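The block underneath contains the structure these notes are about, expressed in structure tokens.
The values are calculated or read from the model by the stated rules, or taken from the named source; none is laboratory data. In this text the structure is predicted, and so the values were computed from the model without any measurement. Positions of Cβ are generated from backbone atoms using ideal geometry, with glycine treated the same way; all protein chains shown enter the neighbour counts.
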């Protein structure tokens with residue numbers, strides 16, 4: 001079995017796809033740091049996490065939605081059956097997470113996965129702002145996690 005077949009079977013990215021993703025992430029991160037906080041019509045921030053297995057720093061551009069009390073709502077989708085790497089890294093080392101808004105310094109945050117009525121209310125706000133997320137979730141056949149990030153301090 002080829003590496004790409006194994007990657008596909010494991011529901012992970014193949015080598016070329018992962019390379020393209022890293023290049024695109026680096027490009028979007030540069031734009032955010034220079035003050036451009038939108039990508040494909042969505043607000044984006046940089047989520048700084050630590051790799052759950054590698055221990056290496058990870059910087060991922062993520063679309064976000066304003067939440068209550070200066071918090072940021074993130075949707076864990078990734079377009080695959082499982083959670084994306086950034087979500088797993090965030091849950092693996094939540095105490096080391098920071099977010100960086102356009103043209104700003106990173107801010108330490110706490111992460112809380114929403115459930116029940118809190119998740120439902122946040123999901124309604126998210127899909128009202130970006131209806132595509134409702135379509136993505138319907139195709140995924142699973143409930144996307146919604147994470148509230150709140151500034152610490």
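For every residue, the table says whether it meets (1) closer than 20 Å to residue 146 by Cβ; (2) part of a strand (DSSP E or B); (3) at pLDDT below 80; (4) under 13 Å from the mean Cα position of the chain (by Cα).
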| residue | (1), (2), (3), (4) |
| --- | --- |
| 45 | yes, yes, no, yes |
| 68 | yes, no, yes, no |
| 79 | yes, no, yes, yes |
| 86 | yes, no, no, yes |
Exercise. Test each condition in (1) modelled with pLDDT of 90 or more; (2) closer than 21 Å to residue 152 by Cα; (3) buried (at least 17 other Cβ atoms within 10 Å of the Cβ) for residue 113 and report the one that comes out false.
Key: (3)
Self-check item: Verdict on residue 103 being within 20 Å of residue 25 (Cβ to Cβ) and exposed (fewer than 12 other Cβ atoms within 10 Å of the Cβ)
Solution: yes
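Being out of contact with any strand residue (DSSP E or B) (no Cβ under 6 Å at 6 or more places or on another chain), outside any strand (DSSP E or B) and at pLDDT 90 or above is the requirement here; does residue 55 meet it? Working first, answer last.
On the way: out of contact with any strand residue (DSSP E or B) (no Cβ under 6 Å at 6 or more places or on another chain): yes; outside any strand (DSSP E or B): yes; at pLDDT 90 or above: yes.
Here the answer is yes, as residue 55 does meet what is asked.
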Practice problem: Six or more apart or on different chains, Cβ under 8 Å: which pairs go from a residue in the range 65-86 that's in contact (Cβ under 8 Å) with a residue 60 or more places away in the chain and on the phi > 0 side of the Ramachandran plot to one that's surrounded by 13 or more Cβ atoms within 10 Å (Cβ to Cβ) and assigned to a helix (DSSP H, G or I)? Could you list them? | Solution: 79/136; 79/140
